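Participant: What follows is a structure written as structure tokens; I'll ask about it next.
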Amino acid sequence: MNYAEAEKVLKSCGQEHALAFWKKLSKKEREQLLAQIATIEPKNIKYCQNALAKGAEVPDSSKGKAPKVAVLKGKKLAEAVAAGEKELAAGRVAALLVAGGQGSRLGYDGPKGCYSIGPVTNAPLFYFHARKVLARGNRYGAPIPFYVMTSEANNAATVKCFEDNNYFGLDKKDVFFFTQGMWPGMTKDGKIILDAPGHVFMSPDGHGGLLAALKRSGALADMKKRGIRSVFFFQVDNPLVEIADPAFIGYHVQERSEYSLKLCAKRDPFEKVGVPMQFGSQYRMVEYTEMTDEQCKRKGKDGKLYFLYGSPAIHVFDRAFLEREASKNMPLHLAFKKIPVVDGKGCVAKPSEPNGYKFEKFIFDILPNAKRAAFLAFDQKDEFSPVKNAEGADSPATCKADLQAKWLKWLAEAGVSVKKGVPVEIDPAYALDAADIKRIGLCLGAE
Ligand code: UTP
């Protein structure tokens with residue numbers, strides 16, 4: 001893109017102020033600014049301006065009902081596992097990790113996936129995810145392609161982490177990195193913001209940016225070529241997640257679902273998690289901020305919370321559903337933030353109060369579009385303990401303690417005793433569950 005083209009694009013959407021300091025910019029700064037402007041689509045600017053004009057809509061959740069949530073046991077569990085194992089063995093399952101977030105609460109300088117979480121080896125979060133993908137594929141004799149969404153800010157460091165670690169044992173051809181989009185921030189009047197004379201303030205477009213990025217990068221086409229049908233979605237910060245676990249995959253397939261969600265019982269009525277609700281024949285994720293106190297505290301006939309289940313963002317998608325949704329516009333969520341801004345003379349000021357909006361898309365906004373959805377309960381302590389904050393709840397300390405507790409439970413089930421206080425760590429490629437430890441333990445004993 002050259003100056004004239006940039007000016008034309010910006011004029012078409014009332015943003016020509018982005019070139020205000022052009023004459024003062026170095027050659028390199030000019031090139032960078034033009035490259036940024038090339039990513040700005042006038043239709044997206046209008047879309048953001050419309051979202052601003054409408055303001056943050058709080059949808060009415062008062063008519064929402066609790067959806068039917070399956071708790072699989074006995075024969076039903078065995079049947080779901082068998083269906084999942086069939087899907088895995090047929091090579092129809094992919095793993096999809098969203099790792100493009102900024103991790104601002106953790107305050108770690110780098111991709112969150114590179115953060116050390118192994119209690120013994122200090123292995124990064126990516127290690128546990130990748131080794132689980134590897135182990136699950138090995139167990140069923142069909143590699144699971146691993147799609148990793150990054151952002152412009154962390155893509156290079158993410159790829160380097162995988163390369164430095166020899167892809168954690170995965171075959172490089174089965175790992176597909178793709179980068180989510182960036183959206184410009186805006187003032188209240190719908191003007192994009194320069195945070196330096198030659199730089200437009202932009203931020204990642206949220207985990208919902210996944211859909212457009214999957215399509216743009218060719219990842220969706222790659223999935224299709226490989227014959228993928230079920231796409232297991234998870235977040236980077238939870239090393240307890242059971243990636244592509246057969247019961248969940250199987251239940252999704254049995255239900256002929258387009259969008260399946262694993263749900264766990266809330267730890268308290270006001271826990272800050274999204275709650276899926278049913279509205280007629282549709283489902284929608286209701287954020288905790290959209291629920292009334294009465295809804296949070298309401299009890300069902302069984303004396304338990306009526307809206308008992310929250311979503312830890314562990315999903316299975318039908319690939320064809322993702323394809324269908326990838327071409328549609330998603331709703332935008334607004335976040336009012338402190339954004340550095342240049343003044344008329346080109347000096348950068350850091351505001352003390354929020355002054356501009358960031359725009360994000362959330363993946364669960366496609367739930368109402370699913371022709372069929374399914375909900376499966378699981379035990380939170382077995383599969384969910386995210387690293388969100390530097391300290392306190394949902395921090396590295398709580399996550400490591402939960403990892404330890406899970407592994408110690410497996411070892412105890414396999415009859416292995418561990419001295420109290422000794423840190424343990426299990427490589428997922430060695431054992432994906434207690435049964436693996438038992439089997440390998442027996443093998444070793446027999447040698
Ligand atoms: P979070 O909502 O926890 O956001 O992301 P975050 O950016 O990681 O952390 P904070 O809020 O700044 O502290 C949940 C998941 O969604 C991914 C994250 O990488 C994480 O796996 N995500 C989030 C993206 O991939 N892209 C985004 O734009 C936002």
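Participant: Taking 0.36 nm per residue of separation and subtracting the Cα-Cα distance, what length does fully extending residue 270 through residue 152 add? Present the calculation step by step, with values, prior to reporting the outcome.
Facilitator: On the way: separation 118, 0.36 × 118 = 42.48 nm, distance 3.48 nm.
Net length gain for the segment: 39.0 nm.
Participant: A further question follows. Given a 10 angstrom Cα cut-off, can you work out which residue in 313, 80, 349 is the most mobile in a GNM of the chain?
Facilitator: 349
Participant: Between the alpha-carbon centers of segment 146-205 and segment 254-331, tell me the distance in whole angstrom.
Facilitator: 28
Participant: If you count only protein heavy atoms and use a 1.4 Å probe, how large is the accessible surface of residue 425, to the nearest 10 Å²?
Facilitator: 40
Participant: Follow-up. Would you work out the relative contact order for the chain, in percent, from Cα pairs under 8 angstrom that are 6 or more residues apart? Mind showing how you got there, number by number?
Facilitator: Values: 819 pairs, mean separation 94.2, N = 447.
Relative contact order here is 21 percent.
Participant: Using only Cα atoms, tell me the angle between helix 42-54 and the longest principal axis of the chain; keep it within 0 to 90° and round to the nearest 10.
Facilitator: Here the helix axis deviates by roughly 80 degrees.
Participant: Right, another one. With the Cα gyration tensor of segment 310-447 giving a ≥ b ≥ c as the square roots of its eigenvalues, does the rule (a/c under 1.5 for rounded; else a/b larger than b/c for prolate; else oblate) give rounded, prolate or oblate? Mind showing how you got there, number by number?
Facilitator: Working: a/c = 3.41, a/b = 1.71, b/c = 1.99.
Oblate.
Participant: How big is the Kirkwood radius of segment 58-117, worked out from every pair of different alpha carbons and given in Å to one decimal? Write down the numbers at each step before the final one.
Facilitator: On the way: mean 1/r = 0.0604 Å⁻¹.
The Cα-based Kirkwood calculation yields 16.6 Å.
Participant: Tell me the chymotrypsin sites (Phe, Trp or Tyr not before Pro) within segment 295-383 that lie in a loop according to DSSP and have at most 11 other beta-carbon atoms within 10 Å. It would help to have the intermediate numbers written out before the result.
Facilitator: Numbers: sites: 306, 307, 309, 317, 321, 336, 357, 359, 362, 364, 375, 378; in loops: 306, 307, 362, 378.
Nothing satisfies the criteria.
Participant: Let me ask something additional. Ordered by residue, what ³J(HN,Hα) values in Hz, to whole numbers, does segment 194-208 give under the Karplus form 6.51 cos²θ - 1.76 cosθ + 1.60, where θ = phi - 60° and Gly and Pro are x?
Facilitator: Running phi through 6.51 cos²θ - 1.76 cosθ + 1.60 with θ = phi - 60° gives 8, 9, 7, x, x, 8, 8, 5, 9, 9, x, 8, x, 5, x Hz.
Participant: If the elastic network links every pair of Cα atoms under 10 Å, which of 161, 13, 347 fluctuates the most in the Gaussian network model of the chain?
Facilitator: In this elastic network of the chain, the residue with the biggest mean-square fluctuation among 161, 13, 347 is 347.
Participant: If DNA, RNA and ligands are ignored and the probe is 1.4 Å, what is the ranking of 116, 395 by accessible area, most exposed first? Write out the running numbers ahead of the final one.
Facilitator: On the way: 116 50, 395 0 Å².
Ranking 116, 395 by accessible area, largest first, yields 116, 395.
Participant: Can you bin segment 362-429 into rounded, prolate or oblate? Criterion: square roots of the alpha carbon gyration tensor eigenvalues sorted a ≥ b ≥ c, rounded for a/c under 1.5, prolate for a/b above b/c, oblate for the rest. Provide the component values of the computation, followed by the final result.
Facilitator: Working: a/c = 3.55, a/b = 1.79, b/c = 1.98.
Oblate is the answer for segment 362-429, as a/c is 1.5 or above yet b/c matches or exceeds a/b.
Participant: To the nearest 10 degrees, how steeply does helix 74-89 sit against the main Cα axis of the chain, on a 0 to 90 scale?
Facilitator: 60
Participant: If you don't mind, another one. Out of the total accessible area of the chain (probe 1.4 Å, heavy atoms of protein only), what percent is carbon and sulfur?
Facilitator: Looking at the chain in its full context, I get 53 percent from C and S.
Participant: Moving to a separate point now. Within segment 387-408, which residues have the backbone N less than 16 Å from the label spot 7 Å out from residue 105 along Cα→beta-carbon, could you tell me?
Facilitator: Of the residues in segment 387-408, 387-400 have backbone N under 16 Å from the label point off residue 105.
Participant: Further, regarding this structure: Restricting to Cα pairs below 8 Å that are 6+ residues apart, what does the relative contact order work out to for segment 78-130? Please round to a whole percent. Provide the component values of the computation, followed by the final result.
Facilitator: Values: 30 pairs, mean separation 9.5, N = 53.
Relative contact order comes out at 18 percent.
Participant: Sequence gap at least 6, Cα distance under 8 Å: using those rules, report the relative contact order of segment 15-163 to the nearest whole percent.
Facilitator: Values: 92 pairs, mean separation 32.5, N = 149.
Computed over segment 15-163, the figure is 22 percent.
Participant: Taking 2.2 N^0.38 Å as the expected size of a compact globular protein, what ratio does the Cα radius of gyration of segment 1-108 give against it, to two decimals? Kindly include the intermediate steps, with their values, before the conclusion.
Facilitator: Values: Rg = 25.0 Å, N = 108, 2.2 N^0.38 = 13.0 Å.
Normalised Rg, Cα atoms only: 1.92.
Participant: Run the helix sum for the chain: -39,500 (n - 2.57) per DSSP H stretch of 4+ residues, divided by residue count, reported at 222 nm to the nearest 500 deg cm²/dmol. Mind dumping the intermediate values first?
Facilitator: Details: 14 runs with 149 residues, N = 447.
-10000 deg cm²/dmol, from helical runs alone.
Participant: Let me ask another. Where Rh is the Kirkwood radius over the Cα pairs of segment 100-179, the temperature 37 °C and the viscosity 0.692 mPa s, what D in µm²/s does Stokes-Einstein return?
Facilitator: Roughly 250 µm²/s, to the nearest whole number.
Participant: Evaluate the Kirkwood expression for the hydrodynamic radius of the chain, namely the inverse of the mean inverse distance over all pairs of different C-alpha atoms, and round to one decimal in Å. Don't skip to the end; give the middle numbers.
Facilitator: Details: mean 1/r = 0.0422 Å⁻¹.
It is 23.7 Å.
The values are calculated or read from the model by the stated rules, or taken from the named source; none is laboratory data. Everything quoted here is computed from the prediction, not taken from an experiment. Methodologically, a virtual Cβ is constructed for each residue, glycine included, from the backbone with ideal geometry; neighbour enumeration extends over all protein chains shown. Accessible surface is based on the protein model in full, side chains and every heavy atom, while ligands, DNA and RNA are left aside. Shrake-Rupley method; radii C 1.70, N 1.55, O 1.52, S 1.80 Å.
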